[in-house]
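Enquirer: Following this message is one structure expressed as structure tokens.
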Amino acid sequence: MSLRKLKNSIIIQKFISTCMCILWCRHAALLLLLVPRRPSHGNHNEALSNTPIKNIIRITDETDMAIIPKRTNISLRGPTTQPYVRPKDRCPVVSGLAKCKGSKRKWVEGLPPLYIITPTYPRAEQIPELTRTGQTLLNVPNVVWIVSEDAPAPTPRVLQYLNETSLRTIYLRDRMPAKYHAKEHKPKGVANRLAGLQWIRDNAKDGVFYFADDDNTYDIRLFEEMRWTKGVSMFPVGLVTDFGVSTPIVNDGVVVGFYDGWISKRKYLVDMAGFAVNVQYFLSRPNATMPFRAGREEDEFMRSLNIEFKDIEPLVSNCTKIWVWHTQTKKNYRAKAVPAKYMHIPTNGTNLDEIKNLIWRGS
Ligand code: UGA
Ligand code: MN
């Protein structure tokens with residue numbers, strides 16, 4: 001057998017690779033012994049205070065902390081002597097409507113109220129969107145949620161949801177005028193927002209209002225910022241146009257213009273979710289209103305408020321953060337009836353009797 005054949009034979013190759021493996025493992029073990037151990041979190045601060053390059057280490061530490069959340073002192077009870085007992089339903093379902101008497105959220109004295117005006121309309125996504133927006137607002141104190149529906153009649157499930165939530169809610173309804181129904185670009189949510197504005201004129205005395213479409217995404221920190229608006233405040237909105245954001249341009253704390261993908265002849269290039277207005281400021285402008293002009297609603301509303309650029313209050317650290325997004329939900333169509341061939345078992349008297357009523361079948 002030639003030397004080459006010997007080198008290529010399977011037995012020799014296996015022998016060589018086993019040797020290489022053993023050698024590699026020994027080196028790896030040696031290397032592991034030589035690498036200095038990273039101080040554990042317990043004595044990390046000590047390591048920081050003794051080192052001349054502490055800033056560099058601190059940055060590493062912060063990066064780690066962003067990935068591994070800080071441990072909090074949660075006392076876990078360990079093996080419990082008493083078994084957990086599930087409390088009785090605090091909101092017993094009475095004839096399909098949960099009754100939670102006295103469950104309205106506490107009002108914090110001294111904190112300006114926030115009037116959140118949400119236009120909505122009946123569709124498959126309506127209840128999911130209202131659930132998401134409502135549960136965001138549950139994290140915010142002193143909120144009055146004005147849900148204003150564009151519908152020929154109140155949608156029972158919307159009323160039911162508003163009755164079940166512990167938020168303070170106002171239900172209003174106003175339809176988009178019929179002449180706009182066939183238009184390609186409809187003034188969406190205008191009639192019902194106007195109903196919200198009229199409610200503010202008739203009922204509110206102070207605080208701040210904000211138009212929160214039912215399908216956007218809100219970081220609750222935004223609400224604490226807008227609560228202190230004196231006139232008109234503004235802030236960036238993410239996921240708007242091809243630019244990915246619509247924001248005021250702020251120089252030295254002053255709004256000097258706008259960055260937005262849709263300019264046209266607008267003066268205030270602001271999205272509906274990008275501003276909040278002080279109630280008293282609004283009440284002192286009796287002509288302030290929103291037009292039925294698709295794409296012009298925000299601009300003309302701002303013009304009717306008669307606000308100058310220098311008086312706009314830029315929020316979220318001079319508009320350097322995005323705390324609201326113009327998210328859009330995929331359209332879902334009317335659910336089909338399940339063909340009889342899929343009904344393998346009799347369903348009368350089962351949960352499906354109830355579930356069927358919760359499926360969107362169109363109005
Ligand atoms: C964009 C803007 O972000 C909105 O602020 C603006 O009102 C709207 O365009 C407009 O065309 O004027 P977009 O996501 O395209 O929003 O619109 P939707 O989310 O479909 O509607 C905006 C709000 O109006 C929502 O809260 C929606 O529930 C409500 N709406 C929509 C109605 O009340 N009626 C309708 O027929 C359609
Ligand atoms: Mn939307």
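Enquirer: How large is ³J(HN,Hα), in whole Hz, for each residue of segment 266-283 in order, when computed from phi with the Karplus curve 6.51 cos²θ - 1.76 cosθ + 1.60 and θ = phi - 60°, using x for Gly and Pro?
Expert: After applying 6.51 cos²θ - 1.76 cosθ + 1.60, I find 6, 9, 9, 8, 10, 7, 4, 8, x, 8, 9, 10, 6, 4, 5, 4, 5, 5 Hz.
Enquirer: A follow-up question, please. Please list, in chain and number order, the residues 5+ apart from Arg173 or on another chain whose amide H is under 5 Å from its amide H, with Hs placed from the backbone.
Expert: For Arg173, whose amide H was placed from the backbone, the distant partners under 5 Å are Glu149.
Enquirer: Would you calculate the convex hull of the Cα atoms in segment 155-251 and tell me its volume per residue in Å³?
Expert: Spread over its residues, the Cα hull of segment 155-251 gives 173 Å³ apiece.
Enquirer: Of the heavy-atom accessible surface of segment 112-325 (probe 1.4 angstrom), what whole percent is carbon and sulfur?
Expert: Reported share for carbon and sulfur atoms: 50 percent.
Enquirer: When the Karplus curve 6.51 cos²θ - 1.76 cosθ + 1.60 is applied with θ = phi - 60°, which whole-Hz ³J(HN,Hα) does each residue of segment 344-358 get, with x for Gly and Pro?
Expert: 6, 10, x, 10, 4, x, 9, 4, 4, 4, 7, 4, 4, 6, 9
Enquirer: Any chance you could list P(r) for segment 112-325, counting all Cα-Cα pairs in 10 angstrom bins from zero, rounded to whole %?
Expert: P(r) over segment 112-325, rounded to whole percents: 8, 35, 39, 16, 1.
Enquirer: With all protein chains present, calculate the accessible area of His326 using a 1.4 Å probe and round the result to the nearest 10 Å².
Expert: Result for His326: roughly 50 Å² accessible.
Enquirer: How high is the FRET efficiency from Ser317 to Glu109, r the C-beta distance, R0 41 Å, rounded to 0.05?
Expert: 0.90
Enquirer: Over segment 209-363, what per residue volume does the convex hull of the Cα atoms give, in whole Å³?
Expert: Each residue corresponds to 183 Å³ of Cα convex hull volume.
Enquirer: What nm value, rounded to one decimal, do you get for the distance between Ala153 and Arg361 when each label is placed 7 Å out toward the C-beta?
Expert: With each label point 7 Å from Cα toward Cβ, the separation is 1.4 nm.
Enquirer: Further question on the same structure: Please give the FRET efficiency for Glu184 paired with Tyr259, using the beta carbon to beta carbon distance and R0 = 41 Å, rounded to the nearest 0.05.
Expert: 0.90
Enquirer: Something else now. Could you please tell me the mean projected area of the C-alpha convex hull for segment 96-236, averaged over all directions and given in square nanometres to one decimal?
Expert: 9.7
Enquirer: Show me the ranking of peptides 115-122, 266-273 by mean Cβ neighbours inside 10 Å, starting with the highest.
Expert: Result, highest mean first: 115-122, 266-273.
Enquirer: If you don't mind, there's one more thing I want to ask. On a full-extension model of 0.36 nm per residue, what is the gain between Ser166 and Phe243, subtracting their alpha-carbon distance, rounded to one decimal in nm?
Expert: Length gained between Ser166 and Phe243: 23.9 nm.
The values are calculated or read from the model by the stated rules, or taken from the named source; none is laboratory data. All values reported here derive from a predicted model rather than from experimental measurement. Note that we place each Cβ from the backbone using ideal geometry, even for glycine, and neighbour counts take in every protein chain shown. The area values use the complete protein model at the heavy-atom level, side chains included, leaving out ligands, DNA and RNA. Shrake-Rupley method; radii C 1.70, N 1.55, O 1.52, S 1.80 Å.
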